[in-house]
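Student: Below is the structure I would like to discuss, written out as structure tokens.
The values are calculated or read from the model by the stated rules, or taken from the named source; none is laboratory data. Remember, predicted model here, so these are calculated numbers, not experimental data. When we count neighbours, we look across all protein chains shown, and the Cβ atoms used for this are built from the backbone with ideal geometry, even at glycine.
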Amino acid sequence: MNILIVGSGAREHAIARSIKKSKVPNKLYCLASNRNPGIEEISEILEIGKIANPNTVTNFAREHSIDLAIIGPEAPLANGVVDSLQQINIQCVGPTKDLAQIETSKSFTRDLMRKYDIPGCPDYQTFNNLNNVSEYLNTLGENYVIKFDGLMGGKGVKVSGEHINSHAEAIEYCEQIIAKNGKFVIEEKLIGEEFSLMSFCDGEHLIHMPPVQDHKRAYENDTGPNTGGMGSYNDTNQTLPFLTNNDIDSAKAINIATAKALKKEFGIGYKGILYGGFIATADGVKVIEYNARFGDPEAMNVFSLLQSDLIDIFLGIANSSLHKCEVTFSNKSTVCKYAVPEGYPDSPIKGERIDISKVENHDQLYLASVDLKNNILLESGSRTVAVVGIADTLQEAEAIAESEIKHIIGPLFHRTDIGTEALIQKRIKHMITIRDLS
Ligand code: AMP
Ligand code: GLY
């Protein structure tokens, strides 16, 4: 079986590795945005190209007689790469352009939740001019969020008390969006602890992955600018220390309801990864956003736990036969930490040499935004290398990840606090405080 992976970060490196472990004989082809030697060494071909361009992807797929394509990042989904691949009868893991709106349009997702009465939708309104903006902000008071209605890599979202400190500043941001002819959503600010719960989805059936918590802020103690995610963890027994079983069940039920709603809305089912970005609040689990792909870094956690054959799962998605797949995850803890370039995310350095040779367990090292020139590994300006610790306890998993990431040499930094007891206790206390106040 010839398998195409679109994308070349650590998430795609994790996908590639899991595919290589499959009992289904396969050849891997990667259409990449950077030269990732981790993926390259297990692929027939890694070609650098415009991964979000449907023609480029279909030409590459045709040339290599691809049977199954897995789309890693959101940009190709947003541009309809899956639609184009399906036109030439290539099976895909990833939704078509219409269904990918669950990630690409904030207003689409909120409207879908409202229309189909999906639990966990905050109060919201959609705008494309300033009419009624002030009034709506007054209704929300101090707790509001403004979201540019499109893909902005997380940078289009401004949260009151964090990025915006007054209604005047809020309106200024709305004006900036309007000037770009943009639409935006204003919604209630939700207070709680965020977590990701991803589900494999074949259009009809869902199989849920264990919940994971990512860390969006660049610096220790959740300070600094937002990033793609600095690291993530899960606790033993497929849980998170600040969630109840009820919270996890609610998130699963919301993913099921969302998949059902998408099918009703479009008449065709959602095939791919349905990634719910949730927040546990005093008032139960709410939806922050949806993504139409594996989370990065969350993929590294779930693949470290996955005990089943990933190609079987992917074929189950493509053939709508996921209910026939036995999917199991181990009960271990995992901690993933990213080493990122100095200056990341606002002004990352680029092109500097890094040395990963001292890392002990290369099976749990995932290369991301790197380049290889004259056999020298260079950082190429975004999240660079991820390491994962897997153990029977969170504490041990954290210690492994921390020790390994310190073995990476170069002008990089990472968050030492991810997965530590101190930060976990902070999360638990936060939830207790919130729940007590309600
Ligand atoms: P998004 O791109 O929708 O994931 O938003 C980026 C980040 O903004 C999220 O990870 C949250 O931390 C924050 N955020 C988004 N929506 C809300 C909300 N309604 N309440 C509180 N925080 C939010
Ligand atoms: N970890 C956040 C994301 O993949 O969007």
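Student: Taking the conditions exactly as written (part of a loop (DSSP other than H, G, I, E, B), in contact with a Gly (Cβ under 8 Å, 6 or more places away or on another chain) and away from ligand 2 (no atom under 16 Å from the Cβ)), does G229 satisfy them or not?
Tutor: Criteria not met by G229.
Student: A further question on this structure: Is it true that some residue in the range 279-287 is near ligand 2 (Cβ under 10 Å from one of its atoms), surrounded by 22 or more Cβ atoms within 10 Å (Cβ to Cβ) and touching a residue at least 12 places away in the same chain (Cβ under 8 Å)?
Tutor: No.
Student: Which count do you get for residues in the range 245-265 that are aliphatic (A, V, I, L, M) and within 16 Å of ligand 2 (Cβ to nearest atom)?
Tutor: So the count comes out to 1.
Student: Which one of the conditions (1) at negative phi; (2) surrounded by 20 or more Cβ atoms within 10 Å (Cβ to Cβ); (3) not hydroxyl-bearing (S, T, Y) does E421 fail to meet, given that it meets all the rest?
Tutor: Condition (2) is where E421 drops out.
Student: Against the definition (touching a strand residue (DSSP E or B) at 6+ places or on another chain (Cβ under 9 Å) and either within 16 Å of ligand 2 (Cβ to nearest atom) or under 30 Å from L322 (Cβ atoms) (or both)), how does K155 come out, yes or no? Before you say what the answer is, go through the steps one by one.
Tutor: Details: touching a strand residue (DSSP E or B) at 6+ places or on another chain (Cβ under 9 Å): yes; either within 16 Å of ligand 2 (Cβ to nearest atom) or under 30 Å from L322 (Cβ atoms) (or both): yes.
Yes; evaluated as a whole, the condition is true for this residue.
Student: Scanning for something touching a Phe, Trp or Tyr at 6+ places or on another chain (Cβ under 7 Å) and more than 30 Å from L206 (Cβ to Cβ), does the range 361-370 turn up at least one residue? Give the derivation first.
Tutor: Filtering the range 361-370 for residues touching a Phe, Trp or Tyr at 6+ places or on another chain (Cβ under 7 Å) gives none.
The answer is no, given that none of the residues of the range 361-370 is touching a Phe, Trp or Tyr at 6+ places or on another chain (Cβ under 7 Å) and more than 30 Å from L206 (Cβ to Cβ).
Student: Looking at (1) in a loop (DSSP other than H, G, I, E, B); (2) within 16 Å of ligand 2 (Cβ to nearest atom), can you tell me which one I268 breaks?
Tutor: Only one criterion is unmet by I268, namely (2).
Student: Among the candidates S43, S84, which residue alone is in a helix (DSSP H, G or I), surrounded by 21 or more Cβ atoms within 10 Å (Cβ to Cβ) and more than 16 Å from ligand 1 (Cβ to nearest atom)?
Tutor: S84 is the lone residue from the list that is in a helix (DSSP H, G or I), surrounded by 21 or more Cβ atoms within 10 Å (Cβ to Cβ) and more than 16 Å from ligand 1 (Cβ to nearest atom).
Student: Quick one: is E103 touching a Pro at 6+ places or on another chain (Cβ under 9 Å) and either in a helix (DSSP H, G or I) or at pLDDT 95 or above (or both)?
Tutor: On the way: touching a Pro at 6+ places or on another chain (Cβ under 9 Å): yes; either in a helix (DSSP H, G or I) or at pLDDT 95 or above (or both): yes.
It is true that E103 is touching a Pro at 6+ places or on another chain (Cβ under 9 Å) and either in a helix (DSSP H, G or I) or at pLDDT 95 or above (or both).
Student: Quick one: count up the residues across the range 53-62 that are surrounded by fewer than 20 Cβ atoms within 10 Å (Cβ to Cβ) and in contact with a strand residue (DSSP E or B) (Cβ under 9 Å, 6 or more places away or on another chain).
Tutor: Selection size over the range 53-62: 1.
For every residue, the table says whether it meets (1) more than 16 Å from ligand 2 (Cβ to nearest atom); (2) part of a loop (DSSP other than H, G, I, E, B); (3) within 21 Å of the chain's Cα centre (by Cα).
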site: M113; (1), (2), (3): yes, no, yes
site: G120; (1), (2), (3): yes, yes, yes
site: L130; (1), (2), (3): yes, yes, no
site: E135; (1), (2), (3): yes, no, no
site: T139; (1), (2), (3): yes, no, no
site: V145; (1), (2), (3): yes, no, yes
site: L151; (1), (2), (3): no, yes, yes
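Student: If you scan the range 271-300, which residues turn out to be more than 14 Å from ligand 1 (Cβ to nearest atom), more than 10 Å from the chain's Cα centre (by Cα) and not in a strand (DSSP E or B)?
Tutor: The answer is M300, and nothing else.
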